[in-house]
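Each remark here refers to the structure printed beneath this line.
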Amino acid sequence: MLPVGAVATYAYLRRQPGFERRDLTRAAAVPGALPSILVGWALAAVVGIVVLAVARPEQLFDLPREEPLIWALVAVFYPLLSVYPQELIYRAFLLHRYALPLAEVARRRRGRAAPVAVGRRGSRQVDRANLAI
C-alpha cells in the first residue's frame, strides 16, 4: 500500500508548480546529517540487541542464522518499499502541502509573531530552514 501511496504522492508533487524535485533527495544534506544518523542507528541497535539478549537470548540473531535469504531480502527491500515511500509521503508531501501553516507554528513556538497575509493568501515565500518544530 505504501508504494502505491508514494507513486500517487510523487505524481501529485510533480504537478505542483512550487515544488522542486531536489527536495526529494537533498543529497547535499547527507554528509552533515550522516554522523547523527549513524549514532542514532548504533544506539538503537545496541539497545535492541541488549534487550533481546536479556529477554530471549535463544532468539538472538535467529533470522540471519536460520533464514539468511529472508533476512537479506528484508534488509534490501524494507528501505525501498517502506522507508522511502514514508519519507516521500510524510516529509516531502506534507512539508510542501502545509508549508505555510507549519512555518507559522514554528514561528509561534520560537516566540515570533506569525506573518499576516493581507488579501494575497498564496503570495508569501516560506523559508524551509525555519520549518523545524
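The values are calculated or read from the model by the stated rules, or taken from the named source; none is laboratory data. The structure displayed is predicted, hence computed values, not measured ones. Positions of Cβ are generated from backbone atoms using ideal geometry, with glycine treated the same way; all protein chains shown enter the neighbour counts.
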Pair list, Cβ < 6 Å and 6+ apart or interchain, from segment 3-21 residues that are of a type in the set (A, V, I, L, M) to residues that are assigned to a loop (DSSP other than H, G, I, E, B): LEU13/PHE19
Qualifying residue in segment 23-43 (condition: touching a helix residue (DSSP H, G or I) at 6+ places or on another chain (Cβ under 7 Å) and either touching a residue at least 40 places away in the same chain (Cβ under 8 Å) or not in a helix (DSSP H, G or I) (or both)): yes
Filter result for LEU13 (in a helix (DSSP H, G or I), touching a Phe, Trp or Tyr at 6+ places or on another chain (Cβ under 7 Å) and more than 25 Å from LEU100 (Cα to Cα)): no
Residues (under 16 Å from the mean Cα position of the chain (by Cα), modelled with pLDDT under 90, surrounded by fewer than 10 Cβ atoms within 10 Å (Cβ to Cβ) and under 22 Å from SER82 (Cβ atoms)) located in segment 1-57: ALA27, ALA29
